[in-house]
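Asker: First the structure, then my questions, so here it is.
The values are calculated or read from the model by the stated rules, or taken from the named source; none is laboratory data. Just so it is clear, the model here is predicted, and its values are computed rather than measured. Cβ placement follows ideal geometry from the backbone for every residue including glycine, while neighbour counts extend to all protein chains displayed.
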Amino acid sequence: MGESLPDAGLNPASGTAGPDGATLHVPALCRTPAVTPARPRRLLIVFHSQSGRTARLAAAVAAGARECGGIETLLRRAPEAGLDDLLGCDGLLLGTPENFGYMSGLLKDFFDRTYYPAEGRTVGLPYAVFVSCGNDGSGAVREIGRIARGYGWKEVAEALIVRGEPDDEALQRAHELGAALAAGLELGIF
Ligand SMILES: Cc1cc2nc3c(=O)[nH]c(=O)nc-3n(C[C@H](O)[C@H](O)[C@H](O)COP(=O)(O)O)c2cc1C
């Protein structure tokens, strides 16, 4: 004998009474869930910057994300970001300078501190990366990608690599990256 569960509005077998009293069957994905989320969806931006370039990109990313009113955006320097921030977010943007063909030590430290406590708890988290570098950037992107695969995250935008001093175009692209992640979260497309 099966237990009777409340219909949260997502059961394709359930229906709504039509004008003539007949039952209308509405496709599940078109229907508004009866239960609304307890809090707005949250985008976490974790970054490190030694000489300020990645910080400027992070500010532009955050400004783009904040244009999306329905999303809460948290901007955290890597040493100040922790497990609670990670477990409490619905999307993640990671920013780093490239150092010695890798991410910065402090972004790596964020991963070191959260990897095992978060294991299995952030699978499917949508994320993207932005990197400031002198002339390459690919090593940082590649190595963050390897770690992200370990967490089970899903890359939802191409990495933004900015070589040298971020100019207006680079800041605009960073702004667009933040806006894209926020819009995707708000619309629930990730
Ligand atoms: C210790 C160190 C190592 C670096 N290694 C690389 C590197 O491997 N590839 C690269 O393209 N740039 C490298 N750079 C340059 C930085 O990535 C670049 O200056 C970046 O824009 C700095 O970002 P920030 O201002 O956010 O610290 C290195 C810089 C430092 C200080």
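Asker: When the residues of region 48-73 are narrowed to those that are touching a residue at least 60 places away in the same chain (Cβ under 8 Å) and among the charged types (D, E, K, R), which ends up surrounded by the most Cβ atoms within 10 Å (Cβ to Cβ)?
Answerer: So the residue we want is Arg53.
Asker: In the list Thr122, Thr114, which residue meets the criterion of being within 14 Å of Leu83 (Cα to Cα), at pLDDT 95 or above, touching a strand residue (DSSP E or B) at 6+ places or on another chain (Cβ under 9 Å) and surrounded by 14 or more Cβ atoms within 10 Å (Cβ to Cβ)?
Answerer: After applying the criteria, what remains is Thr122.
Asker: Among the residues of region 81-127, which ones are more than 16 Å from the ligand (Cβ to nearest atom) and charged (D, E, K, R)?
Answerer: Asp84, Asp85, Asp90, Asp112, Arg113, Glu119, Arg121
Asker: Still on this structure: Kindly indicate whether Ala58 is within 22 Å of Glu165 (Cα to Cα), of a type in the set (A, V, I, L, M, F, W, C), assigned to a helix (DSSP H, G or I) and more than 16 Å from the ligand (Cβ to nearest atom).
Answerer: The answer is no for Ala58.
Asker: Identify the residue in region 128-154 that is more than 9 Å from the ligand (Cβ to nearest atom) and touching a helix residue (DSSP H, G or I) at 6+ places or on another chain (Cβ under 7 Å) and, among all such residues, is nearest to Gly188 (Cα to Cα). Give the derivation first.
Answerer: At the first step, the residues of region 128-154 found to be more than 9 Å from the ligand (Cβ to nearest atom) are 128-130, 141-154.
Still in the list and also touching a helix residue (DSSP H, G or I) at 6+ places or on another chain (Cβ under 7 Å): 128-130, 147.
Working: Ala128: 16, Val129: 20, Phe130: 22, Ile147: 25 Å.
Out of the qualifying residues, it is Ala128.
Asker: Next question. Please find, among Gly164, Gly82, Gly178, the residue that is touching a Leu at 6+ places or on another chain (Cβ under 8 Å), closer than 21 Å to Ala55 by Cα and touching a residue at least 24 places away in the same chain (Cβ under 8 Å).
Answerer: Gly178
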